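**Q** Sharing a structure below in structure tokens format, with a few things to ask.
Coordinate-derived values only; no laboratory data. It should be emphasised that the depicted structure is a prediction, and the values quoted were computed from it without experimental measurement. When we count neighbours, we look across all protein chains shown, and the Cβ atoms used for this are built from the backbone with ideal geometry, even at glycine.
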Amino acid sequence: MNLLTVSGPPSSGKTSVILKTIEAIRKRGLRVGVVKFDCLYTDDDELYEKAGIPVMKGLSGSLCPDHYFASNIEEVVRWGKRENLDLLVTESAGLCNRCSPYIKGIKAVCVIDNLSGINTPKKIGPMLKTADIIVITKGDIVSQAEREVFASKVNSVNPQAVIMAVNGLTGQGAYELSTLVYDEDVKVETVKGEELRFPMPSALCSYCLGETRIGEEYQMGNVRKMNIGEDND
């Protein structure tokens, strides 16, 4: 079984890109499944079910979605093998732009859209900088010049990645992407013992444990303060 991790900022078009790409892959007679990770709510699993794609979803709730992903990915791979999948796609929830859900040796795709702002690539951390393939969506809404400038900004952040445009509505570019995400020579038996490409966002403080009161006397653990200077009051 192949394993693919897809991440990206919210509403960048991850689900649409995955659906169009799976449509192209299934024409080759391959069986594909999806696991959707999110935080509070998602109905994307219904879209996959409607398309006849085996799907599971997991909601992290109050936990960081990256930590939730890493805590469950081994069980997810076992589910994919039980389903006799040729390709298992995990769709991650990229919320803080510091997310790092990629595993060494597992192909990683980051989806980002042209409407997110010209400086957005610089604001996205490991989720963009360590991806193997970067998919840029919503190119039909902006001009050719804007597309080229945005792609150049993406390339400056991650020059090693394959950068390509995919239209999540029409499917243009999805076939080309499908040829890159599945490799019949790759077989993933387990991810147990594998390593993340980059450490996760870290925090273990009083607020992580349920504290809601504001003030230094209530702050414990991993706390970082801004350098504001002396208080003159």
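**Q** If you go through the range 122-176, how many residues are polar (S, T, N, Q), part of a loop (DSSP other than H, G, I, E, B) and touching a Lys or Arg at 6+ places or on another chain (Cβ under 9 Å)?
**A** Of the residues in the range 122-176, 5 are polar (S, T, N, Q), part of a loop (DSSP other than H, G, I, E, B) and touching a Lys or Arg at 6+ places or on another chain (Cβ under 9 Å).
**Q** Name the residues in the range 1-15 that are under 25 Å from VAL188 (Cβ atoms) and in contact with a Gly (Cβ under 9 Å, 6 or more places away or on another chain), would you? Can you show your working first?
**A** Within the range 1-15, the subset under 25 Å from VAL188 (Cβ atoms) is 1-8, 14-15.
Within the range 1-15, MET1, LEU3, SER7, GLY8, LYS14, THR15 meet the criteria.
**Q** I need the full set of residues from the range 19-37 which are in contact with a Ser or Thr (Cβ under 7 Å, 6 or more places away or on another chain) and part of a loop (DSSP other than H, G, I, E, B), in order please.
**A** Those that are in contact with a Ser or Thr (Cβ under 7 Å, 6 or more places away or on another chain) and part of a loop (DSSP other than H, G, I, E, B): none in the range 19-37.
**Q** Additional query: Can you name every residue in the range 185-204 that is surrounded by 10 or more Cβ atoms within 10 Å (Cβ to Cβ) and under 22 Å from ARG31 (Cα atoms)?
**A** Result: VAL186, VAL188, THR190, VAL191.
**Q** In the range 132-154, how many are free of Cβ contacts under 8 Å to residues at least 60 places away in the same chain and within 18 Å of LYS107 (Cα to Cα)?
**A** The qualifying residues number 4.
**Q** Of all residues in the range 91-121 being in contact with a Phe, Trp or Tyr (Cβ under 6 Å, 6 or more places away or on another chain), among the polar types (S, T, N, Q) and part of a loop (DSSP other than H, G, I, E, B), which is surrounded by the fewest Cβ atoms within 10 Å (Cβ to Cβ)?
**A** SER100
**Q** Given the criteria in a helix (DSSP H, G or I) and either of a type in the set (S, T, N, Q) or within 28 Å of MET1 (Cβ to Cβ) (or both), does LEU85 qualify?
**A** no
**Q** Report yes if some residue within the range 207-225 is farther than 19 Å from SER11 by Cα, part of a strand (DSSP E or B) and more than 19 Å from the chain's Cα centre (by Cα); otherwise report no. It would help to see each step written out before you state the result.
**A** At the first step, the residues of the range 207-225 found to be farther than 19 Å from SER11 by Cα are 207-225.
Those still in the list that are part of a strand (DSSP E or B) too: 221.
Now restrict to residues that are more than 19 Å from the chain's Cα centre (by Cα): 221.
For the range 207-225, residues farther than 19 Å from SER11 by Cα, part of a strand (DSSP E or B) and more than 19 Å from the chain's Cα centre (by Cα): present.
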